[in-house]
Each structure stands twice: as structure tokens, then as C-alpha cells.
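Undergrad: I'd like to ask you about the structure that follows.
Only the coordinates and a few stated rules stand behind these numbers; no lab work does. Note that the coordinates shown come from a computational prediction; the quantities given were computed from them, not determined experimentally. Glycine gets a Cβ as well: all are built from the backbone with ideal geometry, and neighbour counts include every protein chain shown.
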Amino acid sequence: MVRINYISHDGTRREVDVNEGLSVMEGAVRHHIPGIDGDCGGACACGTCHVYVDPQWLPKLAPPNQLELNMLKMTVEPNPSSRLACQIKVTEELEGLVVTTPVSQY
């Protein structure tokens, strides 16, 4: 299990343990984290799992592929730390990862 820190846009923080191999989105859905919907089930086709990754964690993530970059263009208020949680695979190196949800996914 890997500890992931989910922070909502209003500052509410939830720390949960997520199984390695799942995505950050799957961990959020399984733990009922508000603000991460994952409407497409993790297919990188909807953008409803948009999160802001704490900048200190960005170098530890694989870079986004072109499909993810295209989907991020359609999200609400993307910024340089924006990622789709469905595209972040949980590994032990991500112990303590911090992601924040935007005000809206739509």
C-alpha cells in the first residue's frame, strides 16, 4: 500500500492507502474522494480525474503522453502541474504523493 494525499480545492485533506499498480484515480474512486469522478473508467477519454500534482512530485512521474496532453487542454483551468489521475500509476516511489482537485471537473 502507498499513502496518497488528496486535497480538495477547499483545502480538505484525505490521506488514503492505495494498492500499488492502481492509478491515482482508481484509488480516489475506491475511497470516495470527492472531485475525482473518472467517468470514463480510466481510459484517458473524459478529463474528469484532472488533478494538480504538487510540483515537488512532478519529476517522479512519467511525462504525460500526447493523448493525456490533449485531454488536459479540455479541462477546467489546467496549469503546468495538471495531470489526469487515471494516468498516474501508483508505485512505492510515490509514497506521500500530493494531488489537489480543481474547483470543477466540468
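Undergrad: Mind listing just one residue for me: the one in the stretch 83-106 that is out of contact with any Gly (no Cβ under 9 Å at 6 or more places or on another chain) and within 16 Å of Glu68 (Cβ to Cβ) and, of those, surrounded by the fewest Cβ atoms within 10 Å (Cβ to Cβ)?
TA: Arg83
Undergrad: Being over 14 Å from the mean Cα position of the chain (by Cα), within 17 Å of Ile7 (Cβ to Cβ) and not basic (Lys, Arg): is that true of Glu77 here?
TA: yes
Undergrad: Quick check on His50: is it crowded, with 17+ Cβ neighbours inside 10 Å, within 15 Å of Val103 (Cα to Cα), of a type outside the set (Val, Ile, Thr) and in contact with a Pro (Cβ under 7 Å, 6 or more places away or on another chain)?
TA: Criteria met by His50.
Undergrad: Within the stretch 11-30, work out how many residues are crowded, with 19+ Cβ neighbours inside 10 Å, outside any strand (DSSP E or B) and not aliphatic (A, V, I, L, M).
TA: 2
Undergrad: What residue, of Pro63, Pro78, is closer than 25 Å to Glu93 by Cβ, free of Cβ contacts under 8 Å to residues at least 40 places away in the same chain and out of contact with any strand residue (DSSP E or B) (no Cβ under 9 Å at 6 or more places or on another chain)?
TA: Going through Pro63, Pro78 in turn, just one is closer than 25 Å to Glu93 by Cβ, free of Cβ contacts under 8 Å to residues at least 40 places away in the same chain and out of contact with any strand residue (DSSP E or B) (no Cβ under 9 Å at 6 or more places or on another chain): Pro63.
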